[in-house]
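The structure appears right after this line, and notes come after that.
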Amino acid sequence: MKKVLIKGPLLTSSGYGVHARQVFNALKTRKDIDLYTQVTNWGNCSWILDTSSKTIKDILECSHKTKTFKKFDESFQVLIPNEWSKIATKDFGVTAGFECDIVKKSWIEDCNSMDAVIVPSLFAKNAFLKTCKKNKINLKTKISVINEWYYRDFDKEESNSNLDIDQHFKFKKNILIFCQVSNIDSKSDRKNLIKTITSACDAIEDFNCGILLKTNLGKSSNLYKKKIIEIIKERIDIKFHKKISFLFGNFSISELKSLYENEKISCFLSGTRGEGWGLPFIEAAACGLPIIAPNHSAYKEFLEEDFIKVNYSLVTFNNDPRFTDREEEPKWAEFEYKDMVDKIHLFFKNEKKFNNISVNRKKIIKQNFNFNNIIVNYTKFFESNCKWHTC
């Protein structure tokens, strides 16, 4: 049997952690391999060590084996491209890149060092292709798009959740804002959280409506909770504080489902500047929740026309040299404040219409982005690149 290593933040509560666990579960469908794991950090994100989860238990078991084995036939590295390395006979890079229109030039070289590369969206792939074209660099390695699936447990009729969320609601109607703060500097925060909250507060100032904010700064400790509350209350007008409720902690899948499906949650709102895929978006859509967001980024690939689109401009930002080159002018989306306010008003004036649209989109999401359909794409990738045949 082939010795296959998957390396990445498999045990972290992060988008890359979810992606890494999906690649792990895809590899588990192969019958021709002996699977090993090398677990890495992801920034300051919390770790998940719940051994009641079969996936987590399997990752830990595979990790124990890795200590006694070093030579691998294949590696799957779910990391930023500059973290990839030649560690097996065949090496495959898995990444979402960086959520703007171009990537770091050296990442093309990193791609060319791999035998193949997987990204979750055309949006992510196009950033690599644009970088190649702009700098006249030859991309020799094929980049394959394999989407991420929504949680399989979302297909269960009952959520079986013990989550007592009602205590957090101050209003019968609430806008859900769900994201991790990527930078305490609002101009560099990819999620654009402060501007999003402010526009929502302006939109519902005279409505009997609140905002439920599920957020974090990477970890869910009491210290981090206190810090994020302080940051938001400092930057949001005091008159809006009564509108905002906070929700913290790592949720189980059934608790997430209960949150999205709660009758007091009216819609999902995001002012994100860019998404390589958008896990909360597909989670909310798979639960039939209406979505308001900038008309830009990877989530358009699974939402298509079935969300409330906010106008935006592509703007150059103060780029982080870890992800883009200083001399370049990378761009991401800056939503139009007034249009965000107008679109929130539009939603509440036409809730029934947008709820019906979201119910129809839920059916499409469940048809196209379920576990079984995405595994078919992984199987095709394995057959083409790993000389594995199912028959």
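Overview of results
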item: Mean Cβ neighbour count within 10 Å, used as a protection proxy, ranking 95-102, 16-23 highest first; result: 95-102, 16-23
item: Length-normalised contact order for region 185-275 - Cα pairs under 8 Å, 6+ apart - percent; result: 44 percent
item: Nearest-20 debye value, the chain charge dipole, Cβ charges on Lys, Arg, Asp, Glu; result: 560 debye
item: GNM result for the chain, Cα springs below 10 Å: residue of Lys90, Lys214, Lys239 fluctuating most strongly; result: Lys239
item: In Hz, Karplus ³J(HN,Hα) per residue of region 204-215 (6.51, -1.76, 1.60; θ = phi - 60°; x = Gly, Pro); result: 10, 3, 9, 9, 7, 9, x, 10, 9, 10, 9, 8
item: Estimated FRET transfer efficiency (Glu304, Glu234; beta-carbon r; R0 41 Å; 0.05); result: 0.60
item: Region 155-368, relative contact order in percent, only Cα pairs under 8 angstrom and at least six apart counted; result: 22 percent
item: Protection proxy ranking, peptides 362-371, 80-89, average beta carbon neighbours within 10 Å, highest first; result: 80-89, 362-371
item: Nitroxide proxy distance, nm - points 7 Å out along Cα→Cβ at Thr89 and Glu351; result: 6.1 nm
item: Packing rank of 114-127, 61-74, where each peptide gets the mean count of other beta carbons within 10 Å, highest leading; result: 114-127, 61-74
item: Relative contact order [Cα under 8 Å, 6+ residues apart], the chain, whole percent; result: 15 percent
item: Label point at Leu129 placed 7 Å out along Cα→Cβ; residues across region 288-328 whose backbone nitrogen lies under 19 Å; result: 296-304
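Read-outs throughout are calculated quantities, based only on the coordinates presented, and are distinct from any laboratory measurement. What you are looking at is a predicted structure, and each value in this text was computed from that prediction instead of being measured. All Cβ positions, even for glycine, are placed from backbone atoms using ideal geometry, and neighbour counts span all protein chains on display.
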